[in-house]
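Inspection log for the structure reproduced underneath, given as structure tokens.
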Ligand code: PLP
């Protein structure tokens, strides 16, 4: 049977092909090091597991309100007050099955056919596909490596048309790990206000910052920007809870109401038990979040050092998330490969290290390495990449 056009135009995930190949090599008994992971390698903290078990024992296993249980909404609004000094009412919150579905639902309620959403590149792979699924047009705006992969107000202005409805800001970013400063956000925010654009602020890596800079949300910068910003966040990355599928959106009441309506006809609600687990995450000490952050920081510093010793590998040091996004164009050219994707494939074949080619993120000269794995594995991976480059030069 012929499938709907909307799925025919979906681009398969760029991580998929390389992950499948890495798995096949592993199954054949090869010692493969996978640096493709988009999730923390730590266990979910014990107190969160206990809260989920308690929820099960207490029979909290039924449908919940579509937008999430009030206790969790309260905990999310309290977190926003505590962390960012922002005030939200429960009507301004929806709890979703992961931040990914918050974004999916947001695009569904926001976009009409042909509406444009500005997506700065390098971008997280799901943004353009989700926009297309809502019949919108993703308008990719390349951010230069010289500007640390961040768009400027000028880049943004050039991309705005009468059809532009929103712009996505993901800080810290997947795949680059870069963060916008307060001043940079202020300048971009002004352009958004002048052009009446909604700002979609994906803050999922907010707790994973390794520099001295504070996380700043567009919504904190002025009352106007607060009113024009939809914040997306969740517990997947901060509390190592990727499989629990709890995310949320915060902002304009009417938008949240429409999203909740949509959820009532699609997911019904995020898993009840997972909501109580997330409640524990937001109402207990953040000690374990900080411990995970410290471990990531140590790995970042080590891996950054090893990588930048490799000839032809150029890397801007990121401030957050758990990815490095080096430019390996020179290395791949010096090694005689036709492009970076071919270089990545050969690296997997010969040295059994799996990276993600940057093409899928809108940056074909780069590769993404995740440091959500042990220091030993990272050191071994860096050695193998070095060996591979030396061998081919
Ligand atoms: N936004 C970005 C930038 C991400 O990297 C991810 C996960 O990889 C998500 C959103 C989705 O997170 P969740 O697991 O909450 O759906």
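Values in this text are rule-based calculations from the coordinates and carry no lab data. Since this is a predicted model, take the numbers as computed values, not measurements. Ideal geometry is used to build each Cβ from the backbone, glycine not excepted, and the neighbour counts take in all protein chains shown.
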### Query
Is the stretch 125-135 home to any residue that is farther than 20 Å from residue 260 by Cβ, assigned to a loop (DSSP other than H, G, I, E, B) and either within 16 Å of the ligand (Cβ to nearest atom) or in contact (Cβ under 8 Å) with a residue 24 or more places away in the chain (or both)?
yes
### Query
Of these, 232, 168, which one is closer than 15 Å to residue 123 by Cα, in contact with a strand residue (DSSP E or B) (Cβ under 7 Å, 6 or more places away or on another chain) and within 12 Å of the ligand (Cβ to nearest atom)?
168
### Test: residue 211 is more than 16 Å from the ligand (Cβ to nearest atom) and either closer than 22 Å to residue 108 by Cα or surrounded by fewer than 22 Cβ atoms within 10 Å (Cβ to Cβ) (or both)
yes
### Message
Tell me whether the stretch 61-75 contains one or more residues that are without any contact (Cβ under 8 Å) to a residue 24 or more places away in the chain and touching a strand residue (DSSP E or B) at 6+ places or on another chain (Cβ under 6 Å).
### Response
yes
## Note on the structure
For helices (runs of 4 or more DSSP H) lying entirely in the stretch 1-108, having 2 or more residues that are surrounded by 12 or more Cβ atoms within 10 Å (Cβ to Cβ) picks out 14-27, 46-57, 70-84
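Matching residues to (1) in contact (Cβ under 8 Å) with a residue 40 or more places away in the chain; (2) over 23 Å from the mean Cα position of the chain (by Cα):
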residue: 20; (1), (2): no, no
residue: 24; (1), (2): no, yes
residue: 57; (1), (2): no, yes
residue: 92; (1), (2): yes, no
residue: 97; (1), (2): yes, no
residue: 107; (1), (2): no, no
### Task
Considering every residue within the stretch 321-335, establish whether at least one is within 16 Å of the ligand (Cβ to nearest atom) and not in a loop (DSSP other than H, G, I, E, B).
yes
